[in-house]
Amino acid sequence: MSYKVSGTTITLTRGDTFMAQISVADSKGNPYEPSEGDSIRFAMKANYTDEDTLLVKDIPIDTLKLVLNPEDTKDLAFGTYVYDVQLTKESGEVDTFITASKIKITEEVC
């Protein structure tokens, strides 16, 4: 694998594929099973204060697998970016359950 996850920090070689299983828990640590109408979204920016989002990926609620494809990162500058993962329930309730996280895009040789 060409990536590493430490806590919520992701280190990824630019232009490589990243796959991770996402888990959602309530405030007591009990697993939350997304239901029809819920959505989960990964969003990445250069800085928290930026208005523009560089990358948004919907995470399927049936697999809870986040996949970043090579084209998602191949044109990014090397460096550290920020991301979060947010659950929006069918009722409209929003829970950003992975916050203040970093993704480091590293150099490739090829």
Along the charge dipole of the chain, which of 67, 10, 35 sits closest to the positive end, that is, farthest toward it, with unit charges on the beta carbon of Lys, Arg, Asp and Glu (+1, +1, -1, -1)?
10
I want to check the label-to-label distance for residue 8 and residue 41. Put each point 7 Å from Cα in the C-beta direction and report it in nm to one decimal.
1.7 nm
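Calculate what fraction, in whole %, of the accessible area of the stretch 7-76 sits on carbon and sulfur atoms when a 1.4 Å probe is rolled over the protein chains. Spell out each step's value before the answer.
Numbers: 1960 of 4250 Å².
Roughly 46 percent, rounded to a whole number.
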Computed ³J(HN,Hα) along the stretch 36-46: with the Karplus parameters 6.51/-1.76/1.60, θ = phi - 60°, integer Hz and x for glycine or proline, the list is 3, x, 7, 9, 10, 9, 9, 9, 10, 10, 6
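What number comes out for the charge environment of residue 64, summing +1 per Lys or Arg and -1 per Asp or Glu over other residues with Cβ under 14 Å away? Don't jump to the answer; show the numbers that get you there.
On the way: positive: 41, 57, 65; negative: 33, 38, 58, 62.
Here the charged neighbours net out to -1.
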Here the relative contact order (percent) of the chain, from C-alpha pairs under 8 Å and at least 6 apart, is 33 percent
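How would 94, 24 rank on accessible area, largest to smallest, probe 1.4 Å? Please list the in-between numbers first.
Values: 94 80, 24 10 Å².
Order by accessible area, largest first: 94, 24.
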Give the long-range amide H neighbours of residue 98: residues separated by 5 or more places, or on another chain, with amide H under 5 Å away, using H modelled in the peptide plane at 1.01 Å from N.
85
How big is the charge dipole of the stretch 20-59 about its Cα centre, in debye rounded to the nearest 20, if each Lys and Arg gets +1 on its Cβ and each Asp and Glu gets -1 on its Cβ?
160 debye
Can you give the charge dipole size of the chain about its Cα centre, rounded to the nearest 20 debye, using +1 on the beta carbon of Lys and Arg and -1 on the beta carbon of Asp and Glu?
480 debye
Listed by chain and number, the residues whose amide H is under 5 Å from that of residue 54, excluding neighbours fewer than 5 places away on the same chain and using placed H, are 44, 45, 46
Using a Förster distance of 35 Å, the FRET efficiency for residue 78-residue 23 (Cβ separation, nearest 0.05):
0.75
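So for the chain, Kirkwood radius off the Cα pairs, Stokes-Einstein at 4 °C and 1.567 mPa s: how many µm² s⁻¹? Please list the in-between numbers first.
On the way: Rh = 14.7 Å.
Translational diffusion coefficient: 88 µm²/s.
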Please give me the summed charge of the neighbours of residue 74: other residues whose Cβ is under 11 Å from its Cβ, Lys and Arg +1, Asp and Glu -1.
-4
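The values are calculated or read from the model by the stated rules, or taken from the named source; none is laboratory data. This is a predicted model, so every value here is computed, not measured. Quick reminder, even Gly has a Cβ in these numbers, built from the backbone with ideal geometry, and neighbours come from all protein chains shown. We work out accessible area using only protein heavy atoms, side chains counted, and drop any ligands, DNA or RNA first. Shrake-Rupley method; radii C 1.70, N 1.55, O 1.52, S 1.80 Å.
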